[in-house]
Amino acid sequence: MVKLGSDIKVGLLVGDEEVSFTFREPTNAELNKFLNGRYSMRRGKSIDDKSAESRADFFDLLLIKVENLEDNDGSPIAPENKDKIPSNWKTTIILEAFETQSVSLKN
């Protein structure tokens with residue numbers, strides 16, 4: 001049975017270790033705002049790419065738990081100090097967990 005509103009857990013392999021991130025499920029409004037805010041049209045028909053910043057902000061908005069990650073001093077990383085998590089990790093996780101997941105229709 002699929003339950004909407006369940007937490008979303010994502011693992012990231014760093015060397016031989018796995019770091020786990022737990023996110024709350026976004027509301028439809030939050031997801032739509034994120035998806036619509038990644039790119040914007042500029043004058044002259046060029047596109048302003050804000051996707052990396054939008055993904056990092058979305059990561060920060062939804063993060064509720066971090067496991068198996070410490071800073072250089074050995075202090076655990078938690079949602080309260082999420083600014084220490086590398087931006088490229090944040091963008092990769094959001095891209096994979098929230099943008100590239102496919103939904104299959106059954107005929």
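Tabulated results
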quantity: Helical mean residue ellipticity (222 nm; -39500 (n - 2.57) per DSSP H run of 4+; nearest 500) of the chain; calculated: -8000 deg cm²/dmol
quantity: Top positive-direction residue, dipole computed over the stretch 3-85 with Cβ charges, set Ser46, Pro76, Asn36; calculated: Ser46
quantity: Amide H partners (placed H, <5 Å) of Ile77, local residues excluded; calculated: Leu69, Glu70, Asp71
quantity: Sequence-distant residues sharing a close amide H with Lys65 (under 5 Å, placed H); calculated: Thr22
quantity: Within the chain: Cβ-based charge dipole about Cα centre, in debye rounded to nearest 20 (Lys, Arg +1; Asp, Glu -1); calculated: 840 debye
quantity: Expected-Rg normalisation [2.2 N^0.38 Å, Cα atoms] applied to the chain; calculated: 1.22
quantity: The chain: Lys pairs at Cα distance under 21 angstrom, eight or more positions apart or on different chains; calculated: 15
quantity: Range in the chain, longest, excluding exposed trypsin sites (Lys or Arg not before Pro) [loop by DSSP; at most 13 other beta-carbon atoms within 10 Å]; calculated: 51-105
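No lab work stands behind these numbers, since they all come straight from the coordinates. Source: prediction; values computed, not measured. Because the Cβ atoms are built from the backbone with ideal geometry, glycine has one as well, and the counts that use them run over all protein chains shown.
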